[in-house]
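For reference, the structure is listed below as C-alpha cells.
Each value in this text was obtained by applying a stated rule to the coordinates, not by laboratory testing. Just so you know, these numbers come straight off a predicted model, no measurement behind them. Heads up, the Cβs are rebuilt from the backbone with ideal geometry, glycines too, and the neighbour counts pull from every protein chain shown.
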Amino acid sequence: MATHHTKMLIIGSGPAGYSAAIYGARAMLEPIVVQGLQPGGQLTITTDVENYPGFADVIQGPWLMEQMQAQAEHVGTRMMWDTIVEVDLDGGPPFRAIGDSGDEYIGDTLVICTGAQAKWLGVPGEQELGGKGVSACATCDGFFYRGKKVAVIGGGNTAVEEALYLTNHSDDVTLIHRRDELRSEKILQERLFKNPKISTLWNKTVESFAAGEDGTLGHIVLRDTVSGEVSTLEVDGAFVAIGHAPATELFKGKLPLDGGGYLLTEPGSPKTEIPGVFAAGDVTDHTYRQAVTAAGMGCMAALDAERFLAARED
Ligand code: NDP
C-alpha cells in the first residue's frame, strides 16, 4: 500500500477526466487520474461516434478514449488502475481518497469526473436475468443475439441508437416505449422509422422479464398504459436504455447534490461548494451529457484548479 501525492487528483477517466488531465499536466500540476472500474468511461461501450469535433470520418468510441488516455500520458499524467472507495474532504486541501487497492491518494485539488451509469427498470426478473438475456448495453452484448429476436426499452437517443445498432445483428428488433412519441433527436427517429427491421410498441411499460425453459430470457410482460391490457412479447434479448444515474455515491453527505443525485456546482463553473474541489462531465451535467461538453468541462476544471493553486501560493 502506497501513498501518492499530487497537485491535481482526478477521479474518473472519461472525456472530462482525461481533458482535465491534459490541461493539468501542461500546467505542470503532475496530475494523477484514478481510472475507476471502466477506464475510458461510457464511450468505451459505444461504437460509432460522429459528433466529436475534429474527425470528419466516423470514429469508434473505444479508440477515441484510447487516444485521450495516450494524449494525457504523453504530457505527463500518471494513470492509476484503481477505484476510489472513500473520500475525505474535511478540512482540505489537501483532499484524501482511498483506492480499492488500499493505496491512498492525496490531492491539493480534486477534480471529480466519475460520470454516470445506466439506469435499470427495477422490475421482477431484470436482475435475475442480467447477462442471461437482459442487458443495458447493446454495443457490448448485441453480438450474442445474432439472428435472434430482441427488444429495446426506452425512447431517448440511447434507446434509438441501440435499436439501430442491433439491426446489424438481428432482423427483428422491437422498440418499447412508455409514451407514444420519442424523446430522441429527429434525425435518429427518421432512421428508426425507415428501418424495416425495427417495429415499435407504444404506450407500454415493462411489468417483468420472464425466463424461458432454458433459464434465459423467454418473454417480456408488458402493460398498456392506456388500456391497462397485459400482453407478452417473446424475445431472446432485451436492452434497457432508459437513461443514466450519476456516480455520486462517494460524495453523499460531503458535497451538495441535486434532486437527481448530480453534483451541484456554481452556475456555469466546475467549482463545488468546497474550494479546491471541482466537478466536470456527466456527474454534474444532466442537460448536455455529451463527450464534447464533458471534455470542455474537464478543461474548465483544470484551469480553475490551476488558478486556485496559484492564488494559494501568492
Ligand atoms: P434520456 O433521459 O434522454 O431518455 C430516457 C428514455 O427512457 C426516455 O424516453 C424515458 O421516457 C425512458 N424512461 C425513463 N425511465 C423509464 C422507466 N422507468 N420505464 C420506461 N421508460 C423509461 O436518456 P438517454 O440515455 O437516451 O440519453 C441521455 C443523454 O445522452 C441525452 O441528453 C441524449 O441526447 C444523450 N445522448 C446522445 C447521443 C448522441 O448524440 N449520439 C447518444 C446517446 C445519448 P420518457 O421519454 O417518457 O421520459
Practice problem: Pick out, from Val206, Ile176, Thr158, the residue whose Cα sits farthest towards the positive end of the charge dipole of the range 134-240, with +1 on the Cβ of Lys and Arg and -1 on the Cβ of Asp and Glu. | Solution: Thr158
Practice problem: Any cysteines in the chain with zero other Cys Cβ atoms under 4.7 Å from their Cβ? List them, or say none. | Solution: Cys113, Cys299
Quiz item: Considering only Cα-Cα distances, which of the following residue pairs are longer than 31 Å: Lys119/Lys254; Lys132/Lys254; Lys149/Lys252; Lys204/Lys252; Lys186/Lys254; Lys119/Lys149?
Solution: Lys132/Lys254; Lys149/Lys252; Lys204/Lys252; Lys186/Lys254
Quiz item: If you place +1 on the Cβ of every Lys and Arg, -1 on the Cβ of every Asp and Glu, and leave all else neutral, what size is the dipole of the chain about its Cα centre, to the nearest 20 Debye?
Solution: 480 debye
Practice problem: Output the Cα-based Rg and Dmax of the chain in Å, rounding Rg to one decimal and Dmax to a whole number. | Solution: 21.3, 71
Quiz item: Sorted from fewest to most neighbouring beta carbons within 10 Å, what does the list Met1, Met80 look like?
Solution: Met1, Met80
Quiz item: Once amide H atoms are built 1.01 Å from N in the peptide plane, which residues 5 or more positions from Leu175, or in another chain, come under 5 Å H to H?
Solution: Val152, Ser199, Thr200, Leu201
Quiz item: Around Tyr105, with a cut-off of 9 angstrom between Cβ atoms, what is the net charge of the other residues, counting Lys and Arg +1 and Asp and Glu -1?
Solution: -2
Self-check item: ³J(HN,Hα) computed for each position of the range 245-255 - Karplus, 6.51 cos²θ - 1.76 cosθ + 1.60, integer Hz, glycine/proline x
Solution: 10, x, 8, 10, 3, 4, 10, 4, x, 10, 9
Quiz item: Which three lengths, in whole Å and largest first, does the range 25-148 cover when its Cα atoms are put on their principal axes?
Solution: 54, 42, 21
Practice problem: Quick one: check the C-alpha center-to-center distance for the range 157-211 versus the range 6-37, whole angstrom. | Solution: 37 Å
Quiz prompt | Reciprocal of mean inverse Cα separation for the range 134-240 (Kirkwood radius, Å) | solution = 13.7 Å
Quiz prompt | Value at 222 nm in deg cm²/dmol, rounded to 500, when DSSP H runs of n ≥ 4 in the chain each add -39,500 (n - 2.57) | solution = -7000 deg cm²/dmol
